[in-house]
Amino acid sequence: MMKTIKIYFVLLAIIIAAFSVNADDGYGLWLNYQKAPEPVLKNYHQQIKSMMVLKNSPTLKVAENELFKGLVGILGRQVSVVSEIEEGSVVAGNISALNSLLNEKIKSEIKDAGEEGYIISSVESEGKNIILITANSDVGVLYGVFNFLQLLQTGKDIGKLDIISSPKVKIRVLNHWDNLDRTVERGYAGFSLWDWHRLPGYLDPRYTDYARANASLGINGTVLNNVNANPAMLTPQFLEKAAALADIFRPYGLKVYLSVKFSSPVDIGGLNTADPLEIDVQEWWKKKIEEVYSYIPDFGGLLIKANSEGQPGPQNYDRTHAEGANMLADALAPFGGIVMWRAFVYDNNVPDDRAKQAQNEFKPLDVQFRDNVLVQVKNGPIDFQPREPFHPLFGAMPGTPLMMEFQITQEYLGQATNLVYLAPMYKECLDSDTYAKGEGSTVAKVVDGSLENHKLTGMAGVANTGNDRNWTGHLFGQSNWFTFGKLAWNHELTSEEIAEDWIKMTFYSDSEVVASIKKIMLESRETTVNYMTPLGLHHIMGRGHHYGPGPWVTGGRPDWTSLYYHKADKEGIGFDRTPSGSNATGQYFKPVADMFANLETCPEEYLLWFHHLPWDYKMKSGKTLWEEICIHYYDGVKSVRNMQVAWGALQDKIDSEKFKHVQMLLSVQEKEAVWWRNSCVLYFQTFSEMPIPNGFEKPDQTLEYYRKLTFRFAPGN
Ligand code: GCV
C-alpha cells in the first residue's frame, strides 16, 4: 500500500513538473521570472542576500511586491525582507527616503534622472556592499526595480552597477483602437481587454497585469478607446468605467487618456454646432473636461482624429486643425492635460497624391498650436505599410512638437498569423535623417524634442493587445509591444539588443537558442516586405480587412484602391512622386528630396514608391525590374521556409506549448507568403507580359483563383 502511495506521489510530482515547465501559454509575457541558469545564479546568490523597499505609497508597494516576486523566481529561493541594510541587500526607495544612504555621486547624478528616471548603483554603506535603486519619484523607483530585474533575467553582471536611465520622450502611450462593444479595430488578438459592460463593478485581475506589463517597459499612458471614437465615451456612464480602470492603473504610473469625437457637443451635448470658435461649444468642452477630471483627477488628455476617413473636425466649419486643437487644449490646460491631434488626415476630396496631404494641411499651421498640443504623425506618409519612407512632416514643423505614431498591431504586416519583429521598421524610421537642420537631424531628434528644444514630447503605439490568453494573438506579437515600450524609453537601443533581451526574458534558454531566435526575428521584417510589397510597392492588400494580397483592388474611391498606388500598366509600374509626377519628393528637405527623386540615388527599397519605371528597367544587379520583382517575392517565401526550419530545430529546447503555437503559425505564414507571391506575380505579369524567371516554382493556382478568394469575417475590420 505504502509503495503504491509513493508511486502515486512521484507520478503526480512528475505530472506537475511537466506541466509547469512545458506548458507556458504566454500569459506571463516577459515577466515570468524563471530561475537564472548557472553560472550566473551562483554569482547572484553571492551578491543578493536580502531586500528592502522603503515604501509609503501604492507605487512603492507595487515595487516591493515586484522585487520580491522577481528575486524569489530568479534566485530560486526565499529572499528575506529586512528593515536594516545588510551585506548583500537590494535597497529601493525614492531619494528622500534613502537620503542617508546616497553618496555624493548619486546625489549629483540623480538630478539628471528627471521625473521618471532612476539610478541603480552598487555602493558601500556603513561598511556593507548593497545595491541601491533610487529615483526622484516613486514611479521612477518602480521603473528601476523592473530594470534591475531585467538585468538578472538577461544574465547581466551585477558586480559593479552604475546605471542612470531616464526616458527620452515624456508621453509614452499605447493607443487602443478598442470600441465600446469590445470589438477592436485592426485587432487580431480577440476582443478588447476592457470589459465595458461589467465595469466598474467587476474589476478583471487582468487590468492589473496589463498595467504591470506596461510599467515594466516604462509606458506611462494608455488611450483606452478607438480614434474612430464613439461619443458615448464622454457620458457619465462610461467615464465612471474609465475611472475604475484609471484607479487600477495609477500605482503603475499609467495615465488614462481618451479619444473623443469632435462632434461630441452635438452628439451628446444637445448643441447644434461643434464649431470651435463658437462660445457655447468652447464652454461645453470646458464643462465636459471639468467633469472628466472629477472622475479621473490625473487624467492625461485627449487624442483626436479629425477630418479624416469621414470623422468630423474643425474643417466642417471652415476652421483649421489648429483652431480645433486649441479649443480642446484651452479646456485641458487648467488641469495639466494635453491634446494629441492626429495628422493622419484623409479628406473628402481625392488628392493628386495622398502621401502629400498631411504636410499640405499641417505645415502652414506650424506655431499656431497651444503649448499643450502635440501633433501625432504616423511613421510614414501613407498608412503603416510594411515599408514606407519616413513622414516628410518630421522636421517640417519646427515650432510644433511632433509625436510619433507607430502601429504595433500588424494591420498590414500579416496580422496575427505572421511572425514579424517590428523593431527594424521602427528604427529605420527613427534613424532616418530629415536634414531639417543639416546632417544629423534624425526623426528621433525631432520626436525627442532635442532638435528644436521642445519639452513636450511623445511616442504612441497602436496596441496589439486583446483578450487572447497570450495577449497579442501571435506569441511574437509580444516582442513588438515590448519593443515599442523600450524604444519609447530609449530610441537609441538597437533592434538586436531589444530582441536579445526579449528572447531571454521569454524563453529563458541557452545562447544557441537565443542566437537562433534572434536571427529569425531580425530577418522577419525584410522577409515580409519581400513577399508582400518589395521595392517600394505599397497598399496592395485586400480591400477593407487588409488581409492578404489585393493588387487587383479597383473601383470606388481611387485612393482606397491598389491601382492608385502601384499604377501598373503595360508600360511599367510605380508611383511617380518626382517633380515630373506628384512631386511628393519636394516635401522633403534637400538633399533627401533629391536623393529620392534621382533614380541614381533613390534606395532600391523605395524605388516604386517614388518612381514609375518600365518593366525592363535595368536594376543595379543588372537584371530587369520585372526579374527583380519576381526574385524578391520568391526570396520572401524562401526566407519563411528557412524560418520554419530554424524554428523546427528548437523543438526540444524551448517550452513545448510555445514551440507548437509558433510552429503552427509559421506554417500558416508560409501558405500566406505563397499566396502573396503567386497573386502578385501573376497579377503584375498581366501587364509585364514577361515570364517568371527560370528555376522558380510555378504558381499552382491561377490568378482568377486568387482574385475570387473572399474573407467575409476577417478580424479587425
Ligand atoms: C482607426 C487606417 C486603418 C483604419 C484606422 C486609420 C487611422 O486607415 O485602416 O482602421 O482607423 O488608419 O489610423 O485612423
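Taken together, the values in this text are just the output of simple stated rules run on the coordinates, not laboratory data. Model, not experiment: these values are computed from the prediction. Note that each Cβ is placed from the backbone with ideal geometry, even for glycine, and that neighbours are counted across all protein chains shown.
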Inset, instruction - Eight or more residues apart or on different chains, and alpha-carbon atoms under 18 Å: count the Lys pairs in the stretch 290-446 matching that. - result: 10
Inset, instruction - Run the quick spin-label model on Arg206 and Asp366: label points 7 Å from Cα toward the beta carbon, then report their separation in nm to one decimal. - result: 4.5
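Shape of the stretch 111-238 from its Cα gyration tensor (a ≥ b ≥ c, root eigenvalues): rounded if a/c is under 1.5, otherwise prolate when a/b > b/c, or oblate? Let's see the in-between values first.
Values: a/c = 2.86, a/b = 2.57, b/c = 1.11.
Note, shape of the stretch 111-238 comes out prolate.
Please rank Val227, Val674, fewest neighbouring Cβ atoms within 10 Å first, as an exposure proxy. Don't skip to the end; give the middle numbers.
On the way: Val227 25, Val674 20.
Ordered by Cβ neighbours within 10 Å, fewest first: Val674, Val227.
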Legend entry - Computed [θ] at 222 nm, deg cm²/dmol, the chain (DSSP H ≥ 4; -39,500 (n - 2.57); rounded to nearest 500): -12000 deg cm²/dmol
Legend entry - Rg/Rg_ref, the stretch 325-387, where Rg_ref = 2.2 N^0.38 Å and atoms are Cα: 1.29
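Take each uninterrupted DSSP H stretch in the chain, measure its Cα extent along the helix axis, and return the ones at 18 Å or beyond whose mean Kyte-Doolittle hydropathy is at least 0.5.
Numbers: long enough: 2-22 (29 Å, 1.78); 58-75 (25 Å, 0.63); 138-153 (22 Å, 1.08); 205-217 (19 Å, -0.96); 236-249 (19 Å, 0.64); 279-295 (24 Å, -1.00); 477-489 (19 Å, -0.29); 511-532 (32 Å, -0.02); 625-648 (35 Å, -0.15); 656-688 (47 Å, -0.25).
TM-like helix candidates: 2-22, 58-75, 138-153, 236-249.
How much length would be gained if the chain were fully extended between Gln237 and Glu492, taking 0.36 nm per residue of separation minus their Cα-Cα distance, in nm to one decimal? Can you show the working numbers first?
On the way: separation 255, 0.36 × 255 = 91.80 nm, distance 4.24 nm.
Difference between extended and current length: 87.6 nm.
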Inset, instruction - Would you kindly state how much longer the chain becomes between Ser96 and Glu439 on full extension, computed as 0.36 nm times their sequence separation minus their alpha carbon distance, in nm to one decimal? - result: 119.2 nm
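With the cut-off at 1.5 for a/c, could you classify the chain from its C-alpha gyration tensor as rounded, prolate or oblate? Please report the intermediate quantities before stating the final value.
Numbers: a/c = 1.70, a/b = 1.23, b/c = 1.38.
Oblate is the answer for the chain, as a/c is 1.5 or above yet b/c matches or exceeds a/b.
Give me Met327, Met340 ranked fewest to most by other Cβ atoms within 10 Å of their Cβ, as a rough exposure proxy. Before the final figure, lay out the partial values.
Working: Met327 23, Met340 26.
So the residues, fewest neighbours to most, are Met327, Met340.
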Legend entry - Residues of type aspartates and glutamates that Lys660 reaches as a straight line, Cα spacing below 17 Å, ignoring anything fewer than 8 places off in the same chain: Asp24, Asp25, Asp468, Asp652, Glu670
Legend entry - Candidate lysines - alpha carbon under 24 Å from Lys55, same-chain residues fewer than 8 apart omitted: Lys69, Lys105, Lys107, Lys111, Lys128, Lys255
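Decide, for the stretch 348-488, between rounded, prolate and oblate: order the square roots of the alpha carbon gyration tensor eigenvalues as a ≥ b ≥ c, take rounded if a/c falls under 1.5, and otherwise choose prolate if a/b is larger than b/c, else oblate. Mind showing how you got there, number by number?
Numbers: a/c = 1.95, a/b = 1.60, b/c = 1.22.
Prolate shape, in that a/c is at least 1.5 and a/b is the bigger ratio.
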Legend entry - Separation of alpha-carbon centers, the stretch 650-672 and the stretch 606-630, rounded to whole Å: 35
Legend entry - Cα centroid separation - the stretch 397-415 against the stretch 66-126, whole Å: 36
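Let's test the formula: R0 of 25 Å, r as the Cβ-Cβ distance of Asp157 and Lys519. What FRET efficiency results, to the nearest 0.05? Walk me through the numbers before you get to the answer.
On the way: r = 25 Å, r/R0 = 0.99.
Between Asp157 and Lys519 the formula returns 0.50.
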Legend entry - Under Karplus coefficients 6.51, -1.76 and 1.60, residue-wise ³J(HN,Hα) of the stretch 96-104 in Hz, glycine/proline x: 5, 5, 9, 2, 5, 9, 7, 7, 4
Inset, instruction - Give, as a single signed number, the net charge of other residues whose beta carbon lies under 12 Å from the beta carbon of Gly201, with Lys and Arg counted +1 and Asp and Glu -1. - result: -1
Legend entry - Local electrostatic count at Pro58 - Lys and Arg +1, Asp and Glu -1, tallied over other residues with Cβ under 15 Å: 0
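Provide the net charge surrounding Ser259, with neighbours chosen by a C-beta distance below 10 Å and charges set as Lys +1, Arg +1, Asp -1, Glu -1. Intermediate values should be presented prior to the final figure.
Numbers: positive: Lys261, Lys305, Arg342; negative: Asp178.
Charge balance near Ser259 sits at +2.
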